[in-house]
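Participant: Mind looking over this structure? Questions follow.
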Protein chains: 2
Amino acid sequence: MRVDELDTPVLTIDLDALEENLARYQRYYDEHQMALRPHIKTHKTLAIAHRQMAQGAIGLTCQKIGEAEVMVAGGLTVDILIPFNIIGKTKIDRLARLTRQTQITVAADSETTVRGLSEGAQAEGVTFGVIVEVEAGMNRTGVQTPAAAVELAQLIDKLPGLELRGFMAYPTPPASRPIIQETLHLFDKAGLAHPIVSGGGTRWAMEAHEIPELTEYRIGEYPTGGEGHLRAGRHTVEQCSLRVIATVISAPTPDRVILDAGSKTMSASTLQTPEGTSMGYIVEYPEARFYGASEEHGHVDVSACAVKPQIGERVQVLPVHPCPCVNEHDEMVAVRGGLVEAVWPILARGKIR
Amino acid sequence: MRVDELDTPVLTIDLDALEENLARYQRYYDEHQMALRPHIKTHKTLAIAHRQMAQGAIGLTCQKIGEAEVMVAGGLTVDILIPFNIIGKTKIDRLARLTRQTQITVAADSETTVRGLSEGAQAEGVTFGVIVEVEAGMNRTGVQTPAAAVELAQLIDKLPGLELRGFMAYPTPPASRPIIQETLHLFDKAGLAHPIVSGGGTRWAMEAHEIPELTEYRIGEYPTGGEGHLRAGRHTVEQCSLRVIATVISAPTPDRVILDAGSKTMSASTLQTPEGTSMGYIVEYPEARFYGASEEHGHVDVSACAVKPQIGERVQVLPVHPCPCVNEHDEMVAVRGGLVEAVWPILARGKIR
């Protein structure tokens, strides 16, 4: 089946571009002797995770227990990091089950989380591997200072049922190096183990070597690219492997066309560009601006296009943010040379718990 | 099972509030002798659609063929409007199948769409009911003027395999009445049928009677409410039936807590409020501001809260936009009086085609 025979809208991934991205990034980490731990939240798909491991990844990152369950059940009994505070008996029971099947590490940023994990580990007769999350400048999760990180690490080290495995931060641009260094220094001073010093963020993926203290780096979007990566020069159009194929279904005015792909297909994510808000980059019409959407309609300003797309015409759209876009879909169609090679179920989609 | 035993995050719908909303809005349309045609894109759930029909709805609105297929297969062989330009053989074949099972009407705003429907109807040996979509002020789909609407209606009336059923617009605030009136006048002058004159939009749902020319009104969000409706006074907190229950899993600073519900649970939709961007309204902490999210983390400013939510505490969050929020979930838990009464699969979720 040819790609142009697929009904639209449809999520596709180009295998040549995907494989080139996987090889290129793995090569960078190999060259810098840093481990790569891909984040599966971008693709949520077993076939891609298996390819990432085959390329040489040290293990995987999963953001929720449900994502890790899908990966493990799909044959990925690999070293998995869940950078999330696991709280409550239901989730701790599931974490214990995962721990019996493969190597699992979770992150924590509070005494409440850590004490809950210790109690759960004892009740289940398992040991949970734990790293501390430390704030590195973006005001997300994480203890606020390296000193607080060491304090929490000491508690982890002391509590029964837990094994301290180091620390993490997100994201870790080069400017965050002093925080990593200070945390490391304080861990060493306190005699605490830190086999894992984990950084992450696709935006700084190729600058990871500027923080040589990191043992590993977590990135999600490098296999797919997207409009943000294209605009920042991290991926060429050809390297942007993830594309929604959409059809022009209306042209209400000469300057505006409507696609059959709205926010339910692209996700409601937006990107602020010099030209204004964008909800996607249209490969065939770089001058077009996908400026808005209702759930099933994409609104595109084509006033700058010398030749305008016509009703019935198909276009390829790069999402502004691949992760939530993928999460809107049940499957992605893997294509090579314009032919459909596989249809992959997005099995880790919607795993919010 | 009690609601507080459900693991989080979880999408819930309060049945008492849902039923009161369904009755209240149906009563309004009954009083004004206007038909109500609920849009199922908000809830995407058979159980709610069946309740809407039982309350007296004239039929349903589905935005994509896949949504209509789910409804019809789920026993809703009712009068269904699909306000979407159906283009291409695959979709027209599916439309023909639906047409053999129940009463279906589609909207069109171009000659391309209309000619494709006519050819498809002839090839399949069916008749497609078609209404014209006319622009009413929001620059979405639709022909640009009442005169253009009549021109397209005349083509529909003339082409084999099609049955002209009137026209529609979206949204139809009271200010759009002149467009409706002029279109109606031109239809009458040309001797064109218009059994359906369809308006819509929850925001103006209770002002529909100000355009008495409408035969029916399409609304989606009235069963659920949401933060926008709460702020506009259309729903009280109690009437906002759709809620995500989330858990506080981190409190990095005294002024900030992190929920286990991010954009993958709430959707990436945002609402601009006087206090800034919102991604949800926290029922127990009205002074809190859910100002941002990553995919699995909700970021909440609690600086204005006299008492701060603690790690492990559960909160109820009203989505800013119920439709994309529901689309992130595979099921919703129906609750009454704090007890789980049913778990409804969201069968029309993700039906992008």
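Participant: Explain nothing, just compute: Karplus ³J(HN,Hα) = 6.51 cos²θ - 1.76 cosθ + 1.60, θ = phi - 60°, for every residue of region B:36-47 in order, whole Hz, x for Gly and Pro.
Facilitator: 10, 10, x, 9, 7, 5, 6, 9, 6, 10, 4, 4
Participant: For chain B, how big is Rg over Rh, using alpha carbon atoms and the Kirkwood form of Rh?
Facilitator: Numbers: Rg = 21.8 Å, Rh = 21.3 Å.
Rg/Rh: 1.02.
Participant: Please report, in Å, the Rg and the Dmax of the protein assembly as shown, where both are computed over Cα atoms only.
Facilitator: Answer for the protein assembly as shown, Rg first and Dmax second: 26.4, 89 Å.
Participant: Measure nothing fancy, just the Cα-based angle from helix B:89-101's long axis to the longest principal axis of chain B, in degrees from 0 to 90, nearest 10.
Facilitator: Once rounded, one gets 90 degrees.
Participant: Specify whether the C-alpha gyration tensor of region B:15-218 places it in the rounded, prolate or oblate class, a ≥ b ≥ c being the square roots of the eigenvalues: rounded for a/c under 1.5, otherwise prolate if a/b is larger than b/c and oblate if not.
Facilitator: Numbers: a/c = 2.05, a/b = 1.15, b/c = 1.78.
Oblate.
Participant: Please go through region A:246-353 and write out the GluC sites (Glu not before Pro) that DSSP classes as loop and that have at most 13 other C-beta atoms within 10 Å. Mind showing how you got there, number by number?
Facilitator: Working: sites: A:E275, A:E284, A:E287, A:E295, A:E296, A:E313, A:E328, A:E331, A:E341; in loops: A:E275, A:E284, A:E287, A:E295, A:E296, A:E313, A:E328.
Of the GluC sites (Glu not before Pro), the ones in loops of region A:246-353 whose Cβ has at most 13 other Cβ atoms within 10 Å are A:E275, A:E284, A:E287.
Participant: From Cα pairs below 8 angstrom and at least 6 apart in sequence, can you work out the relative contact order of region A:227-345, rounded to a whole percent? The partial results should precede the final answer.
Facilitator: Values: 234 pairs, mean separation 33.8, N = 119.
The normalised contact order for region A:227-345 reaches 28 percent.
Participant: Still on this structure, please answer the following. Under a point-charge model restricted to the Cβ atoms of Lys and Arg (+1) and Asp and Glu (-1), what is the dipole moment magnitude of the protein assembly as shown relative to its Cα centre, in debye to the nearest 20?
Facilitator: Dipole size: approximately 580 debye.
Participant: Let me ask another. Among B:P195, B:M1, B:S176, pick out the residue whose Cα is farthest towards the positive end of the charge dipole of chain B, where Lys and Arg carry +1 and Asp and Glu carry -1 on C-beta, about the Cα centre.
Facilitator: B:P195
Participant: Let me know the charge dipole size of region A:15-218 about its Cα centre in debye, to the nearest 20, where only the beta-carbon of Lys, Arg (+1) and Asp, Glu (-1) is charged. Working shown, then result.
Facilitator: Details: 20 positive and 24 negative charges, 109 e Å.
Here region A:15-218 has a charge dipole of around 520 debye.
Participant: I've got another one for you. Nearest 20 debye, what's the magnitude of the dipole of chain B about its Cα centre given +1 on Lys and Arg Cβ and -1 on Asp and Glu Cβ?
Facilitator: Details: 33 positive and 44 negative charges, 137 e Å.
Value, rounded to 20: 660 debye.
Participant: In the structure displayed, which of A:K264/B:K158; A:K64/B:K44; B:K91/B:K189; A:K91/B:K308; B:K89/B:K189 lie more than 29 Å apart, Cα to Cα? Please report the intermediate quantities before stating the final value.
Facilitator: Details: A:K264/B:K158 35 Å; A:K64/B:K44 25 Å; B:K91/B:K189 34 Å; A:K91/B:K308 24 Å; B:K89/B:K189 35 Å.
Table pairs above 29 Å Cα-Cα are A:K264/B:K158; B:K91/B:K189; B:K89/B:K189.
Participant: Taking the dipole about the Cα centre of region A:227-345, with the C-beta of Lys and Arg at +1 and of Asp and Glu at -1, give me whichever of A:H299, A:V257, A:P274 is farthest to the positive side.
Facilitator: A:P274
Participant: Once you keep just the Cα pairs under 8 angstrom separated by 6 or more residues, what percentage relative contact order results for chain A? Mind showing how you got there, number by number?
Facilitator: Values: 787 pairs, mean separation 72.0, N = 353.
With pairs under 8 Å counted, the relative contact order is 20 percent.
Participant: So in the protein assembly as shown, what percent of DSSP beta bridges are antiparallel if you round to the nearest 5? Show your work: numbers first, answer last.
Facilitator: Details: 62 of 117 bridges.
Counting only bridges with both partners in the protein assembly as shown, antiparallel ones make up about 55 percent.
Participant: Further question on the same structure: In whole Hz, with x marking every Gly and Pro, tabulate ³J(HN,Hα) for region A:262-278 from phi via Karplus 6.51 cos²θ - 1.76 cosθ + 1.60, θ = phi - 60°.
Facilitator: x, 5, 6, 9, 8, 5, 7, 5, 10, 10, 8, 10, x, 8, x, 5, 10
Participant: Let me ask another. For the residues A:H50, B:H43, what sequence is obtained by ranking on other C-beta atoms within 10 Å, fewest first?
Facilitator: Working: A:H50 15, B:H43 28.
If I rank by nearby Cβ atoms, fewest first, I get A:H50, B:H43.
Participant: List every residue whose amide H lies under 5 Å from the amide H of A:I211, counting only residues 5 or more places away in sequence or on a different chain, with H placed 1.01 Å from N in the peptide plane.
Facilitator: none
Participant: Do the sum for the protein assembly as shown: with -39,500 (n - 2.57) for every DSSP H run of n ≥ 4, divided by all residues, what is the mean residue ellipticity at 222 nm, to the nearest 500 deg cm²/dmol? If you can, show how the numbers build up before the last one.
Facilitator: Values: 20 runs with 208 residues, N = 706.
Helix contribution divided over all residues of the protein assembly as shown: -9000 deg cm²/dmol.
Participant: What is the average number of partner chain Cβ atoms found within 10 Å of a Cβ in A:79-89? Provide the component values of the computation, followed by the final result.
Facilitator: On the way: counts 0, 0, 0, 0, 1, 5, 9, 2, 8, 7, 1.
If you average over the peptide's residues, the count of other-chain Cβ atoms is 3.
Where a number appears in this text, it was derived from the coordinates with a stated rule and is not lab data. The structure displayed is predicted, hence computed values, not measured ones. Virtual Cβ from ideal backbone geometry, glycine too; neighbours counted across all protein chains shown.
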